[in-house]
Amino acid sequence: VAVAFWMTGITGLFTRYEKLEIVSAYAERVSTPGDYFRITLRIRNTGSTAATIDNVFVNGIPVNTTTDTMYVDKDSFGNNAVDFSKSDEWIGVNTGGSTTLYIFLDATKFSSGQIVEIKVHTAAGNEYPKSVQLP
């Protein structure tokens, strides 16, 4: 009986996994702050362990710091930019939980009708892609 419990415990450790799903993604043009496209990503963790978002890529370029061209924010107004180069700003998503990220793209560097590829990267090394067309 003890061996059976021990094996069950070990199996549980090796079968844990993270799985993020991008439930919705859409873009809109906003004039505050500045003239930007704002991409809204609603993300849910359907895996069996918590996930940590440690970066976001736009067309293959990491958005690990705040720049004038593109940045990730935790609120829709662009007032709470995330600096992924600092591990204390990584975004955790608990099992069964969800989060919303806002990606701001400078409208002078991106154009209406353009399709951008967004990849959410986790500390476990997984990537979750989504394509969004700018309005």
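The values are calculated or read from the model by the stated rules, or taken from the named source; none is laboratory data. Bear in mind that the values here come from a model prediction, so they are computed numbers and not experimental data. Backbone-built Cβ (ideal geometry, glycine too); neighbour counts: all protein chains shown. All accessible areas refer to the heavy atoms of the entire protein, side chains included, with ligands and DNA or RNA removed. Shrake-Rupley method; radii C 1.70, N 1.55, O 1.52, S 1.80 Å.
Kindly establish whether TYR26 is closer than 22 Å to GLU127 by Cβ, modelled with pLDDT under 85 and in a strand (DSSP E or B).
Spelling it out, it is not the case that TYR26 is closer than 22 Å to GLU127 by Cβ, modelled with pLDDT under 85 and in a strand (DSSP E or B).
Do we have ARG38 as over 25 Å from GLU18 (Cβ atoms) and surrounded by 15 or more Cβ atoms within 10 Å (Cβ to Cβ) here?
For ARG38, the condition - over 25 Å from GLU18 (Cβ atoms) and surrounded by 15 or more Cβ atoms within 10 Å (Cβ to Cβ) - is met.
May I ask you to say which residue of LEU41, LEU20 is closer than 20 Å to PRO135 by Cβ and within 14 Å of the chain's Cα centre (by Cα)?
That would be LEU41, the only listed residue that is closer than 20 Å to PRO135 by Cβ and within 14 Å of the chain's Cα centre (by Cα).
Could you check segment 117-135 and list, in sequence order, the residues that are open to solvent by 40 Å² or more (accessible area, probe 1.4 Å) and part of a loop (DSSP other than H, G, I, E, B)?
ALA123, ALA124, GLY125, ASN126, PRO135
Here's a check for you: in segment 78-116, which residue that is touching a residue at least 60 places away in the same chain (Cβ under 8 Å) and assigned to a loop (DSSP other than H, G, I, E, B) is most open to solvent (accessible area, probe 1.4 Å)?
It comes out as THR108.
Inside segment 46-77, can you point out the residues that are closer than 21 Å to GLN114 by Cα, in contact with a Gly (Cβ under 9 Å, 6 or more places away or on another chain) and in a loop (DSSP other than H, G, I, E, B)?
ASP68
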